[in-house]
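To start, the structure itself, in structure tokens.
The values are calculated or read from the model by the stated rules, or taken from the named source; none is laboratory data. From a predicted model like this one, the values you see are computed outputs, not experimental measurements. Backbone-built Cβ (ideal geometry, glycine too); neighbour counts: all protein chains shown. The area values use the complete protein model at the heavy-atom level, side chains included, leaving out ligands, DNA and RNA. Shrake-Rupley method; radii C 1.70, N 1.55, O 1.52, S 1.80 Å.
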Amino acid sequence: MKYSDIDQSKTAFVFELDNVIYPEKDYLFQVYYLFASFLEYYELLDAKVITDLMVDTYNTQGKEHVFDEIKKKFAVDEKYRINFQHLLLTAKLPLKLLVYQAVLDLLQDIVVDRKKIFIVTNDNPALQLNKIKQTEWHGLENYLTCYFAEETLSMPEPDVFHLLMKEHDLKRKDIIMIGNSEASALCAEACGIDYYTMDKFL
């Protein structure tokens with residue numbers, strides 16, 4: 001699916017962030033590398049082995065279990081959990097996050113057509129802002145308006161959309177949302193907003 005396939009009467013495009021603009025693992029795996037290097041320095045653990053375990057745990061059990069797994073396997077002190085959580089929020093990445101090519105093309109077409117682009121995202125606002133700041137936008141950052149749903153109520157609660165529509169004088173029929181989570185799909189449905197899943201564009 002391309003920009004030309006979308007209803008041209010739409011004037012505002014809302015994107016989720018993780019796994020819509022870029023692959024979330026591109027952020028997390030770099031944080032894992034940085035944290036493993038930190039443990040190698042302070043605890044003389046092998047950074048590569050730690051990184052590999054963190055990535056494997058993410059892939060098999062999910063990101064919520066990553067610290068617990070290295071704690072269990074390598075007797076990593078619980079005190080380092082705070083360091084890990086802080087790093088997740090504030091990490092300066094070695095490499096910029098790259099936007100999916102299909103999404104980059106879509107964003108560029110929207111800008112050329114002088115329509116509005118919003119990012120609406122759940123999760124910790126500091127974490128999400130750190131990701132946004134370290135994404136390679138190719139100059140598109142000047143055209144983005146970001147809303148952090150947790151500052152009102154997390155999706156699927158529709159509060160963030162009500163705020164967005166009020167602040168930008170938009171109606172439901174003007175908006176299309178592109179997402180990759182059940183929360184965003186339910187939120188769009190509750191608001192009566194057209195919704196597409198990310199896989200339609202990849």
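Quantify, in whole percent, the carbon and sulfur part of the accessible surface of the chain (1.4 Å probe; protein heavy atoms only).
Details: 5520 of 10650 Å².
Reported share for carbon and sulfur atoms: 52 percent.
Would you mind calculating the gained length between Tyr41 and Thr152 on full extension (0.36 nm times residue separation, minus the Cα-Cα distance), in nm to one decimal?
35.9 nm
Rolling a 1.4 angstrom probe over the protein heavy atoms, how many square angstrom per residue are accessible across the stretch 1-54?
45 Å²
When Kirkwood radius over Cα pairs in Å is calculated directly from the model, which label among (i) 18.8; (ii) 18.2; (iii) 19.9 fits?
Identified label for the calculated read-out: (ii).
Accessible area per residue, 1.4 Å probe, Å², for the stretch 62-134: what's the number?
Result: 55 Å² per residue.
Tell me, in nm to one decimal, what length is gained between Val112 and Lys200 on full extension, where the rule is 0.36 nm per residue of separation less the Cα-Cα distance? Intermediate values should be presented prior to the final figure.
Working: separation 88, 0.36 × 88 = 31.68 nm, distance 2.14 nm.
Here the segment from Val112 to Lys200 would lengthen by 29.5 nm.
If the convex hull of the alpha-carbon atoms of the stretch 88-140 is projected onto planes in all directions, what is the mean projected area in square nanometres? Kindly include the intermediate steps, with their values, before the conclusion.
Working: hull surface 16.7 nm².
With every direction weighted equally, the projected area is 4.2 nm².
Is the C-alpha gyration tensor of the stretch 112-202 telling us rounded, prolate or oblate? Criteria: a/c under 1.5 is rounded; beyond that, a/b larger than b/c is prolate, otherwise oblate.
Values: a/c = 1.33, a/b = 1.16, b/c = 1.15.
Judged from the Cα gyration tensor, the stretch 112-202 comes out rounded (a/c under 1.5).
Can you give the angle from 0 to 90° between the axis of helix 47-60 and the longest principal axis of the chain, with both taken from C-alpha atoms, to the nearest 10?
That helix lies at roughly 50 degrees to the long axis.
Distance in nm between label sites at Asp68 and Asp52, each 7 Å beyond Cα in the beta-carbon direction?
Going from the Asp68 label point to the Asp52 one covers 2.4 nm.
Only Cα pairs within less than 10 Å get springs; with that Gaussian network setup on the chain, which residue of Leu89, Leu144, Leu44 has the largest fluctuation?
Leu44
Relative to the longest principal axis of the chain, what angle (0 to 90°, nearest 10) does the C-alpha long axis of helix 101-112 take?
Computed tilt is about 40 degrees.
For helix 24-43, report the angle its Cα long axis makes with the longest principal axis of the Cα atoms of the chain; keep it between 0 and 90° and round to the nearest 10°.
Between helix and principal axis, roughly 20 degrees.
Picking from Asn59, Asn180, Asn19, which is most flexible by a Gaussian network model of the chain using Cα springs under 10 Å?
Result for the chain, Cα springs under 10 Å: Asn59 fluctuates most.
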